[in-house]
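Beneath this line is the structure, given in structure tokens, with notes to follow.
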Amino acid sequence: MEGPALQFKEPYRVEVLQEPTLPPGPEQVLVKTVLSAISPGTELLVYRGQWPRDLPVDATIPALAGEFGYPLKYGYASVGRIIEIGTHVESAWLNRLVFAFNPHQAYFLSSPEQLVPLPDLMLPDDAAFLPSMETAVSLLMDGRPVIGERVAVFGQGVIGLLTTALLARLPLARLVTLDRYAYRRERSLEIGADTALDPGEQGVLERLREPLNVDCSESGFDLTYELSGNPEALDSAIAVTGYSGRVVIGSWYGAKKSTVELGGHFHRGRIHIISSQVSRLAPEFSARWTKSRRLQLALKLISDVHPSNLITHRFHISRASEAYALLHEHPDQAFQVVFVYEDS
């Protein structure tokens, strides 16, 4: 038996190859993929050749272990069903719907410990958002929003929208989002933002710096998230943050360079910049939190939010080149793109 598997061959070039499938070992299972989701942030860095060449692919995910280099199998949001089990695997695993941090391919082997069993009523379309929701949970943990705070979120891609959805559940004083694309701003308002603005509109950043209520002597936001993936947005995020406010950088710029103005407002405003990255928990949480606890919370929130309505395009895996070209050339049209594996 064989099935399609995606490879990044070089910048701006992907291929889908037929890959043979081996039977599971005694402690392994064989998973047949139902669908897998593209992560527009990190996967477009690989697609465009913007991954830092001195950085391992992902030391925390066994399927992505190793040094970066083309050709590369990449991706980490697969939902599938277990179709074979090894002789030492409990029979309850057979036919289970599971999530896996695995590249885009039709069949793959795994140990059960590396899989996330999905709740019986969870749809594969929702489950594919698990890494994105886990990232949003991590962003809230690192930003630590406080009741009554004013929060701004730059970037309303998948991660930005899910972060906005979680922030909207809190009793904040104000939740403002910023994105260049009208479609994303519309979705942001639907998901709970009080205001959604175009950061490129003339004067918008200056208006955001104005005092936000009559009792406030200091202007700006208490907490600002930079989730756009655009290094130039970091200056804007700092600019709208108030005295001693926090700026959480959840974007990963890869090889893209960020030139940041650390003069007047940043320096005298005592702005705090926080790096947020989902692969490792912040040390202050490690006494009580584990990645498993955070992942289970993300699963519960997926059941509450049902993010599958953010899927805008479905491509058969054989059309992978079209999918990445769409995300690269038309970010105003494509949002969450997923691969399907069954022939229609």
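The values are calculated or read from the model by the stated rules, or taken from the named source; none is laboratory data. None of the values given here were measured: they were computed from a predicted structure. Positions of Cβ are generated from backbone atoms using ideal geometry, with glycine treated the same way; all protein chains shown enter the neighbour counts.
Within the stretch 107-128, the only residue that satisfies the criterion of being part of a loop (DSSP other than H, G, I, E, B), modelled with pLDDT of 95 or more and over 22 Å from the mean Cα position of the chain (by Cα) is Ser111. Among the helices (runs of 4 or more DSSP H) confined to the stretch 133-212, the ones with at least 3 residues that are closer than 18 Å to Phe335 by Cα and of a type in the set (Lys, Arg) are located at 182-191. Just one of the listed residues (Arg270, Arg314) is assigned to a strand (DSSP E or B) and among the basic types (Lys, Arg), namely Arg314. Here Ala298 passes the criteria (1) assigned by TED's automatic domain parsing to the domain that holds Gly75; (2) among the aliphatic types (A, V, I, L, M); (3) closer than 16 Å to Glu134 by Cα except the one numbered (1).
Restricting attention to the stretch 179-202, the residues being within 21 Å of Ser219 (Cα to Cα), without any contact (Cβ under 8 Å) to a residue 40 or more places away in the chain and not acidic (Asp, Glu) number 4.
Here Asp235 passes the criteria (1) under 22 Å from Gly264 (Cβ atoms); (2) touching a helix residue (DSSP H, G or I) at 6+ places or on another chain (Cβ under 7 Å); (3) in a helix (DSSP H, G or I) except the one numbered (2).
Of all residues being surrounded by fewer than 17 Cβ atoms within 10 Å (Cβ to Cβ) and touching a Pro at 6+ places or on another chain (Cβ under 8 Å) in the stretch 269-319, which is modelled with the lowest pLDDT? Just the residue, please. Looking at the filtered set, the residue picked out is Ser303. Residues of the stretch 273-287 that are assigned to a loop (DSSP other than H, G, I, E, B) and either in contact with a Ser or Thr (Cβ under 7 Å, 6 or more places away or on another chain) or within 26 Å of Gly229 (Cβ to Cβ) (or both): Ser276, Gln277, Val278, Ser279, Arg280, Leu281, Ala282.
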